[in-house]
Amino acid sequence: MKAAIFHGPHQDLTIEEIELEKPAAHEIVVKTAATGVCHSDLHFVEGLYPYQAPAVLGHEAAGIVEEVGEQVDYVKPGDHVIACLSVFCGSCDYCLEGRPNLCQDKPGRAAKQRPFAKWNGSDVSQFANISSYAEKMLLHENAVVKIDKSLPLDKMALIGCGVITGAGAAMYTAKMEPGSSVAVFGCGGVGLAAIQGARIAGARQIIAVDMLESKLAYAKDLGATHVVDASGGDPVQKIRDLTGLGVEYSFEAIGNKQAAEQAYACLAPGGTATIVGMVPVGQTVEVEGRTLLSEKKLQGSSMGSNRFRRDMPRLVDFYLQGRLKLDEMVTRTGKLEDINEAFRAMKAGEVARTVLIPD
């Protein structure tokens, strides 16, 4: 089957033929119907996070089950599914506490050091237990949720990472209260999802912050009540000009140290800043100690604190009700061979989300 191979940092991905392993007892083979191009993958391509090459990146996907292992009982061939990197074991302390996104015993090939595929006789690393930049995926059954076959898989793919991460950060990690004021730093796919999560949760004021006019336009279309152009001066002061004391909740959806610190600085007393983006390895996020006396909080979020088999069907319902806008987030589609162009367009701010259709 075809897959986009990651050869290491600062190198283009190449389309190659790889050999997928057979599914183990609790694994399934899923034909990749669609995969979103997420900024998290770009972090690895740019060397901001290390990863063993050769590998198949990609982790935001939906598809159709083709084959199941002998002990799989959750899905069967023909089922439509959304994949999620929050694969869970179901028995560790975090899973038993109802926090499966923090599972510490994730089942899967990567955890057990078993290759999921071969390329030219060499082992291929599986990314985030998914590897969706390929015609097929080999997944643990606890890495998918079933959805109705009538749903558009090119839109459902976005729920698998960007939407659950951003919307979940607002609804589940921050536990926003209705009527709150919110600032979202970064209006890519995850930031746009955070804006929508804030809107669905009942925020009265949603301030989108970005340096690109095109992204701020997307933000307004998807629910932002105000926008701040961060290229034209201090966004923190602009947010205070709009709110007085600052916002009650803020979200950083870029993975940028300065933006993370600004997300904290723009808070009103008692506010909560949630860092959603992947701040590069080795970098610190710093706050002035005395500001903690005003009960401001700085916290992280992992995949929107999701319980994905519960939360993704809810997001699907929001989509069907017209409350979660996914069609508008897909601004470009392409084939697997377009992966490097998709990364370029993302860096240039030309898209909200690119979706690739491998077949």
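Relative contact order of the chain: 18 percent, from C-alpha pairs under 8 Å at least 6 residues apart in sequence. Structure note, pairs Lys2/Lys347; Lys155/Lys297; Lys238/Lys296; Lys155/Lys347; Lys31/Lys106; Lys106/Lys215: Cα-Cα distances above 27 angstrom occur for Lys155/Lys297; Lys106/Lys215. With coordinates expressed along the principal axes, the C-alpha atoms belonging to the chain extend over 59, 41, 38 Å, beginning with the largest. Put simply, the Cα atoms of the range 175-300 extend 37, 32, 27 Å along their principal axes, the longest span coming first.
Label point of Asp12 set 7 angstrom out along Cα-Cβ; within the range 324-359, amide nitrogens under 11 Å from it belong to 338-341. I need the GluC sites (Glu not before Pro) found in the range 49-128, filtered to DSSP loop residues with at most 15 other beta carbons within 10 Å of theirs. When the GluC sites (Glu not before Pro) of the range 49-128 are filtered for loop state and at most 15 Cβ neighbours within 10 Å, Glu70, Glu97 remain. A cut-off of 5 Å between modelled amide H atoms, ignoring neighbours fewer than 5 places along the same chain, links Ala273 with Ser250, Lys297, Leu298, Gln299. For the chain, modelled as a GNM whose springs connect Cα atoms under 10 angstrom apart, the maximal fluctuation among Gly270, Gly289, Gly202 occurs at Gly289. Close amide-amide hydrogen proximity is noted between Gln126 and Phe116, each under 5 Å apart and 5 or more residues distant or on a separate chain (H modeled in the peptide plane; Pro and chain starts excluded). Highest mobility in the GNM of the chain, judged by mean-square fluctuation with C-alpha springs under 10 Å and restricted to Ala201, Ala348, Ala157, is found for Ala348. Backbone geometry of the range 224-231 corresponds, through the Karplus equation with coefficients 6.51, -1.76 and 1.60 at θ = phi - 60°, to 3J(HN,Hα) couplings of 5, 8, 9, 10, 10, 7, 6, 7 Hz, x marking Gly and Pro.
Computed from phi, the 3J(HN,Hα) profile of the range 40-47 under the Karplus parametrisation 6.51, -1.76, 1.60 (θ = phi - 60°) reads 4, 4, 5, 4, 6, 4, 8, x Hz, with x in place of Gly and Pro. Seen against the Cα atoms of the chain and their longest principal axis, helix 189-200 is set at about 60 degrees. Using a Gaussian network model of the chain in which every pair of alpha carbons under 10 angstrom is joined by a spring, one finds that among Cys103, Cys187, Cys38 the greatest mean-square fluctuation is at Cys103. Helix 339-348 and the longest principal axis of the C-alpha atoms of the chain enclose an angle of approximately 0°.
Throughout, read-outs are computed from the coordinates displayed, never taken from laboratory work. Everything quoted here is computed from the prediction, not taken from an experiment. Every residue, glycine as well, gets a Cβ built from its backbone with ideal geometry; the counts of neighbours run over all protein chains shown.
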